[in-house]
């Protein structure tokens with residue numbers, strides 16, 4: 001179940017009266033567009049043959065039949081208004097067919113309404129007919145598990161009424177609300193999909209307007225958003241066109257029957273430490289793990305694999321940072337190689353071509369070669385060729401590069417590249433030339449589109465900009481994991497031990513450092529698998545009149561008798577700029593405040609983390 005996506009179906013997207021509204025002759029109610037036909041608001045969540053429904057509306061029977069819902073495993077209720085609960089009695093066929101009681105999850109206020117409206121279900125009086133069989137589960141603010149994934153209740157206000165939204169994996173459903181309390185906002189960070197109330201343009205005391213919903217989307221920055229609980233004021237096609245013109249192409253009206261999937265095995269979940277912190281592989285030629293080998297020439301790759309007659313499925317690039325776009329290419333290489341019986345291989349260069357050809361314009365690298373090799377290994381590749389980039393190599397014409405390296409030695413069956421891929425002398429080769437050469441030499445070229453994250457193309461250039469500017473949280477979303485500084489621990493001046501808090505001083509191997517300041521981090525010590533909470537300062541230590549840049553990390557939950565040889569520092573959030581204080585005592589007080597903020601941050605993560613992976 002860990003890798004299966006979560007399928008989301010919108011069962012209803014309308015208001016409490018539905019659309020068309022009875023007796024209304026307006027242009028939306030009389031529209032022939034099926035998207036303007038809106039049942040009462042409800043959501044179906046499906047995974048591995050199991051199903052959960054959010055709200056049993058008066059239209060539930062019709063919605064379940066239209067969705068072909070043969071099995072129901074649980075019910076979530078957002079609140080007790082009639083348009084969300086009056087289909088409760090229609091769950092009886094599932095009790096009969098499945099011979100089981102259904103668990104229902106909500107708050108106590110909602111259950112009081114349910115017990116009052118459906119008293120015959122709970123009064124234990126004998127009956128000649130069937131009644132729903134349910135178990136009521138009162139949920140507080142802690143996550144609970146359904147469909148093998150955590151569900152997090154999101155407290156909302158529907159006018160003065162306390163109601164619930166729900167977050168599940170990278171999605172959230174917020175219907176019937178007018179206000180989100182500040183304490184609920186952190187629960188909605190880092191969403192892929194957001195379904196939320198946007199009743200109409202005219203203000204309503206208990207619902208959001210389109211304008212208010214767009215303002216909330218700008219704060220939360222989901223990858224995509226869908227409006228629900230839509231009144232007959234908003235024609236589907238016309239409103240969607242208006243949203244695009246307003247600069248929100250990633251926001252659209254939901255509609256009855258809308259379906260989309262959400263990844264459950266996300267690596268960029270804001271409530272989880274990423275699972276893909278790459279292990280450090282051996283970098284000896286022909287060495288590495290049992291399934292991963294590294295070579296410094298295409299000839300060496302051929303020597304290793306030619307005896308067994310192996311060919312390759314290949315990706316070429318610098319892969320600096322191994323961000324989400326790189327990961328898409330590398331995972332495709334691994335999958336294709338498995339299907340073709342070939343060796344999944346990456347071809348990269350060290351140093352980067354720009355450092356050799358135009359060193360004055362070369363950008364600082366996000367990751368070291370060792371980190372990239374670890375990434376190749378973690379993403380399922382079996383080999384990497386790290387070519388030393390030289391002037392001689394740069395003078396190879398595109399067709400020579402393909403003939404000498406890709407065909408003669410790597411024996412490629414398929415080549416995976418991005419849509420902006422260039423190669424050969426003066427970058428004369430492009431995707432079109434590559435396709436012509438592939439047709440002449442019987443190998444396949446697969447050009448993968450750029451990965452879009454929240455409206456922007458994921459690129460190493462953008463990630464460098466975010467890291468250099470200190471926005472390590474945004475960089476992490478683009479990378480698919482936290483940005484990491486790694487290196488040896490070196491001796492410092494001892495000022496921290498004497499005057500403030502003890503620190504580990506990192507000699508970072510990366511060229512690129514985050515903007516000077518204080519950051520919430522996690523630090524992995526040499527020889528340990530689990531990272532530790534920490535606060536890290538990057539700067540000049542102005543309080544002590546230091547003259548050199550340092551990276552100093554204070555562990556929040558450990559006292560070390562001796563420093564480790566190496567550490568990795570994973571950057572989560574920027575706290576503040578570096579500042580010169582009047583003396584050690586004032587600095588110590590500020591560091592204590594930094595530590596308190598970091599502990600509060602991690603406590604929040606612990607409350608809302610994935611059940612499978614502790615923080």
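The values are calculated or read from the model by the stated rules, or taken from the named source; none is laboratory data. All values reported here derive from a predicted model rather than from experimental measurement. We place every Cβ from the backbone using ideal geometry, glycine too, and count neighbours over all the protein chains shown.
Annotations for the structure displayed:
- Cβ-Cβ under 6 Å pairs, at least 6 apart or on other chains, the stretch 254-267 side surrounded by 18 or more Cβ atoms within 10 Å (Cβ to Cβ), far side modelled with pLDDT of 95 or more and in a loop (DSSP other than H, G, I, E, B): 254/13; 255/13; 256/13; 256/39
- You will find that of 466, 456, 440, the residue that is surrounded by fewer than 18 Cβ atoms within 10 Å (Cβ to Cβ) and modelled with pLDDT of 90 or more is 440 and no other.
- Residues that are in a helix (DSSP H, G or I) and at pLDDT 90 or above within the stretch 119-145 comprise 119, 120, 121, listed in sequence order.
- Count of the stretch 147-199 residues which are at pLDDT 90 or above, in contact with a helix residue (DSSP H, G or I) (Cβ under 9 Å, 6 or more places away or on another chain) and on the phi > 0 side of the Ramachandran plot: 1
- Yes/no for residue 138 being surrounded by fewer than 17 Cβ atoms within 10 Å (Cβ to Cβ), touching a residue at least 24 places away in the same chain (Cβ under 8 Å) and either more than 14 Å from residue 164 (Cβ to Cβ) or not assigned by TED's automatic domain parsing to the domain that holds residue 74 (or both): no
- Restricting 198, 171, 215 to those that are without any contact (Cβ under 8 Å) to a residue 60 or more places away in the chain and crowded, with 21+ Cβ neighbours inside 10 Å reduces the list to 198.
- Set side by side, the residues 403, 392, 440, 419 differ, and just one is outside the structural domain of residue 513 (by TED's automatic domain parsing), free of Cβ contacts under 8 Å to residues at least 60 places away in the same chain and under 34 Å from the mean Cα position of the chain (by Cα), which is 419.
- Scanning the stretch 343-383 for residues that are over 28 Å from residue 311 (Cβ atoms) and free of Cβ contacts under 8 Å to residues at least 40 places away in the same chain returns 351, 354, 355, 356, 357, 358, 359, 360, 361, 362.
- Residue 485 falls short on exactly one of the conditions (1) surrounded by fewer than 19 Cβ atoms within 10 Å (Cβ to Cβ); (2) over 30 Å from residue 342 (Cα atoms), and that condition is (1).
- Residue 110 being in contact (Cβ under 8 Å) with a residue 12 or more places away in the chain, part of a helix (DSSP H, G or I) and in contact with a helix residue (DSSP H, G or I) (Cβ under 9 Å, 6 or more places away or on another chain): yes
- Complete set of residues in the stretch 334-363 that are closer than 25 Å to residue 394 by Cβ and at pLDDT 90 or above: 345, 346, 347, 348, 349
- Count of the stretch 201-212 residues, restricted to those that are within 28 Å of the chain's Cα centre (by Cα) and surrounded by 21 or more Cβ atoms within 10 Å (Cβ to Cβ), is 2.
- Residues satisfying the stated conditions in the stretch 92-103, i.e. out of contact with any helix residue (DSSP H, G or I) (no Cβ under 8 Å at 6 or more places or on another chain) and crowded, with 17+ Cβ neighbours inside 10 Å: 94, 95
- Residue 357 meets all of the listed conditions (1) touching a strand residue (DSSP E or B) at 6+ places or on another chain (Cβ under 9 Å); (2) on the phi < 0 side of the Ramachandran plot but one, namely (1).
- Scope the stretch 239-258; condition in a helix (DSSP H, G or I) and closer than 26 Å to residue 57 by Cβ; matching residues: 239, 240, 243
- Residue 489 falls short on exactly one of the conditions (1) in a strand (DSSP E or B); (2) under 26 Å from residue 384 (Cα atoms); (3) modelled with pLDDT of 90 or more, and that condition is (2).
- Test: residue 68 is at pLDDT 95 or above and touching a helix residue (DSSP H, G or I) at 6+ places or on another chain (Cβ under 7 Å): no
- Checked against (1) within 24 Å of residue 486 (Cβ to Cβ); (2) within 26 Å of the chain's Cα centre (by Cα); (3) surrounded by fewer than 22 Cβ atoms within 10 Å (Cβ to Cβ), residue 348 passes all but condition (2).
- Selection status of residue 557, surrounded by fewer than 22 Cβ atoms within 10 Å (Cβ to Cβ) and modelled with pLDDT of 85 or more: no
- Residue match in the stretch 294-310 (condition: closer than 18 Å to residue 423 by Cα, touching a helix residue (DSSP H, G or I) at 6+ places or on another chain (Cβ under 6 Å) and in a helix (DSSP H, G or I)): yes
- Here 607, 597, 530 are screened, and the one residue that is modelled with pLDDT of 85 or more and surrounded by fewer than 17 Cβ atoms within 10 Å (Cβ to Cβ) is 597.
- Filter result (within 23 Å of residue 193 (Cβ to Cβ) and either assigned by TED's automatic domain parsing to the domain that holds residue 317 or in a loop (DSSP other than H, G, I, E, B) (or both)) within the stretch 454-470: 454, 455, 458
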